[in-house]
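Structure record follows, encoded as structure tokens.
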Amino acid sequence: MLVTAGVQIRLNRALHERRRALRTASQTLGAGLRVKRAADDPAGLAVATNLKVQSRSRQMAIRNVEDARSAADIADGGLDVIAAILTRMRELAVQSASEVLSDRARTYIEDEFDALLDELDATAQGALFNGQGVLSNPGVDVGIVIDSSGSMAGEINRVRLEIEDFQQTFTAARYNVQIGINEFNNTRDSGDNVNRVVALGGGGLVNALNNLSTVGGSTDPWTAITESAGLTNINGDSEPDGFAFREYAVKTLIVISDAGRQANFIPGVTDQDIADELAANQIITNVITSGAVTGTYQSFADETGGRIYDLGNTSGSGIPTALDAIADEIVDALNEADPLSVQADINRGDQIDTGFPIDVTLNGLDMADISVGTVGDARAAIDRIDGSIDVVGAARSQVGAIQRRLDHTLSRHYTTLEAETAAASRIEDADMAKVANAMASAQIRMQAAVAANVAAKDLDRQQLDRLLSDR
């Protein structure tokens, strides 16, 4: 028969449909997916996509919980060591409390006792997960930057009188504090600042202040601030003379000066640039200065969350009030801080408070000044150690509870993740046997369509219909 235009169109359409069916079956078999694009199953793809989003988020929540579990394990291990140390310390206290011992023997006991105190504190401070303490509160690092020009003699003396009370505010609140003192004036800054990072105790802060000598000349607070913060160095220095701020400590600078900026040793840098850099490094900057030059420092305080305080008269009468306010504000903020939390599930509000940090440092246990050097001290130490053992026991119970909860959270997540993954798979994954059968059928039909196209001129309509039939 003669192939008409209508028959040829039908042959082309059949060939195209068979080719598309074969391609679809081949792609499905190769990818193993029934739904590869929205057109395959619009509703199913939407459901499967949501399930996959949930399962990916759940896998990250599992990682979070496992991290928290690791932090709890670190805390548990540290508490175990501290409990053993306290047990030995109590033995030594009982031994030293006996009056039959000689003073020399008691000295030997005191040596071991002091070493154990140091190790207890080191164990608590060293219990870190990703740099954050789980057995110690965040430290407080304060850098006091003092203008030591000739007009500041009275103000420096006032700081000397107040510095131990300032320090005591933190220790009384059981927060580990480091205080550094840095003087600045143009004579110093033209070569190198004098930087002193002062350890706790021993009168070191007062000694450092006693060693400050006032000289004439204008001051350069900009340079001193960036130097003390460890952000940049002044011209001529090989490296910044920065305070050793700890990463997770509350970092504060206190600038004390009776003058505004009179020189700039950092060409091309504005006070706003410095303020932005301080804020980026989370260094709060408080300034104690005279009212006439407050504007010089305003951006430092505004950008970093600090404040401007009045220096008072030439003897620094406003310094005690300012230092008290700064210390109280830091302590209040630390006291109100929430415990570390873990994002333990996939939704915004799904957090678990870990209870960390649990402070079992010497400050936290109120054991910084404990001694067994005398019979009386040893007998008093027994009661204080008992109190610390109770605190550590309660802490271990708290850690055990969070470990148990995190374990159950992990079990729940793994069960849910398995169900979510299976549900998405049922929607998207192909039935391989069914697809293989469809592909074989598509291949046969494709061959038939090709054959029909080639032999169309020799077939009548009924034969053509049978060859192109889907049955």
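The values are calculated or read from the model by the stated rules, or taken from the named source; none is laboratory data. Bear in mind that the values here come from a model prediction, so they are computed numbers and not experimental data. Glycine also receives a Cβ, built like all others from the backbone with ideal geometry; neighbour counts cover every protein chain displayed. Side chains are part of the model used for accessible areas, which takes the heavy atoms of the whole protein and leaves out ligands, DNA and RNA. Shrake-Rupley method; radii C 1.70, N 1.55, O 1.52, S 1.80 Å.
Here are some notes:
- Extreme residue, nearest to ALA368 (Cα to Cα), among residues of the range 164-183 that are of a type in the set (A, V, I, L, M, F, W, C) and free of Cβ contacts under 8 Å to residues at least 60 places away in the same chain: ALA172
- Pairs linking a residue in the range 66-88 that is open to solvent by 60 Å² or more (accessible area, probe 1.4 Å) to a residue that is assigned to a helix (DSSP H, G or I) and polar (S, T, N, Q), with Cβ atoms under 8 Å and 6 or more positions apart or on different chains, are ASP73/GLN403; VAL81/THR123.
- Answer residue from the range 150-184, given it is in contact with a strand residue (DSSP E or B) (Cβ under 8 Å, 6 or more places away or on another chain) and open to solvent by 10 Å² or more (accessible area, probe 1.4 Å) and is farthest from GLY78 (Cα to Cα) among those: GLY150
- Out of ASP141, ASP147, ASP118, sole residue that is under 27 Å from the mean Cα position of the chain (by Cα), open to solvent by less than 40 Å² (accessible area, probe 1.4 Å) and charged (D, E, K, R): ASP141
- Selection of first residues in the range 277-293 that are farther than 15 Å from LEU323 by Cβ and of second residues that are part of a strand (DSSP E or B) and open to solvent by 30 Å² or more (accessible area, probe 1.4 Å), restricted to Cβ pairs under 8 Å at least 6 apart or on distinct chains, gives the following pairs, ordered by first then second residue: SER290/ASP310; GLY291/ASP310.
- Selected residue [open to solvent by 20 Å² or more (accessible area, probe 1.4 Å) and either touching a residue at least 40 places away in the same chain (Cβ under 8 Å) or in contact with a helix residue (DSSP H, G or I) (Cβ under 9 Å, 6 or more places away or on another chain) (or both)] from ASP390, ASP383, ASP359: ASP359
- Within the range 285-295, restricting attention to residues that are in contact with a strand residue (DSSP E or B) (Cβ under 9 Å, 6 or more places away or on another chain) and of a type in the set (A, V, I, L, M, F, W, C), the residue that is surrounded by the most Cβ atoms within 10 Å (Cβ to Cβ) is ILE288.
- On inspection, SER57 qualifies as hydroxyl-bearing (Ser, Thr, Tyr), assigned to a helix (DSSP H, G or I) and at pLDDT 85 or above.
- Note on the range 47-59: among residues that are free of Cβ contacts under 8 Å to residues at least 12 places away in the same chain and open to solvent by 70 Å² or more (accessible area, probe 1.4 Å), the one that is farthest from the chain's Cα centre (by Cα) is ASN50.
- Only residues that are over 25 Å from VAL81 (Cβ atoms), assigned to a helix (DSSP H, G or I) and touching a residue at least 60 places away in the same chain (Cβ under 8 Å) were counted across the range 370-380, and they come to 2.
- Test result for ALA93, buried (at least 22 other Cβ atoms within 10 Å of the Cβ) and within 18 Å of the chain's Cα centre (by Cα): no
Rundown of residues vs (1) at pLDDT 85 or above; (2) surrounded by 15 or more Cβ atoms within 10 Å (Cβ to Cβ); (3) closer than 23 Å to SER148 by Cα, yes/no style:
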{"residue": "ALA263", "(1), (2), (3)": "no, yes, yes"}
{"residue": "GLY268", "(1), (2), (3)": "no, no, no"}
{"residue": "ALA279", "(1), (2), (3)": "yes, yes, no"}
{"residue": "ILE283", "(1), (2), (3)": "yes, yes, yes"}
{"residue": "TYR297", "(1), (2), (3)": "yes, yes, yes"}
{"residue": "GLY305", "(1), (2), (3)": "yes, yes, no"}
{"residue": "PRO320", "(1), (2), (3)": "yes, yes, yes"}
